[in-house]
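See below for the structure under consideration.
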Amino acid sequence: MDKYVDEDELLAGAVSWQRRRKETTSSIASSGREYLGANLRRLRQSAKIVDAWQELLPEEMTEHCSISKIEGGVIEVEVESGAYMHEMRLMSNELVEHLCDVCGQGKVKKIKLVAKKTKEDFQD
């Protein structure tokens, strides 16, 4: 008489050497909490810089200049070309001094000006 082999048992034995995969998904809420926890200090400092920037920058310049990035004490500002770029170049050293007074020495080292992209720049 032949022995009958249970197919489920055979299959379980064939894949028993494989490791169980860890759950790799997480909720957006927990990912958000992790990100904020790890970056809260930097985010608060950036918010302080942005608030001070908005107070210091003359109102007529705010429509034509905007902060695009803050990293390592360098504030990258997108500026419309022409007269606004020239004016920002003239003001940038004074702005750095005032931002250092408000935010603390060493928090803002430099302002980097970049030309703001226009609709024409994206058309080819």
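The values are calculated or read from the model by the stated rules, or taken from the named source; none is laboratory data. Every value quoted in this text rests on a predicted model; they were computed, and no experiment measured them. With ideal geometry, Cβ positions are generated from the backbone for all residues, glycine too; neighbour counts draw on all protein chains shown.
Test Ser46 against the criterion of being of a type in the set (S, T, N, Q), modelled with pLDDT of 90 or more and either in a helix (DSSP H, G or I) or surrounded by 10 or more Cβ atoms within 10 Å (Cβ to Cβ) (or both), and give yes or no. Explain how you work it out, then say what you get.
Values: of a type in the set (S, T, N, Q): yes; modelled with pLDDT of 90 or more: no; either in a helix (DSSP H, G or I) or surrounded by 10 or more Cβ atoms within 10 Å (Cβ to Cβ) (or both): yes.
Criteria not met by Ser46.
Identify the single condition in (1) assigned to a strand (DSSP E or B); (2) of a type in the set (A, V, I, L, M, F, W, C); (3) touching a helix residue (DSSP H, G or I) at 6+ places or on another chain (Cβ under 6 Å) that Leu99 does not satisfy, given that it satisfies every other one.
(1)
Given the residues Lys69, Lys117, which is the only one that is at negative phi and part of a loop (DSSP other than H, G, I, E, B)? Show your work before the answer.
Details: Lys69 fails: part of a loop (DSSP other than H, G, I, E, B).
Answer to the check: Lys117.
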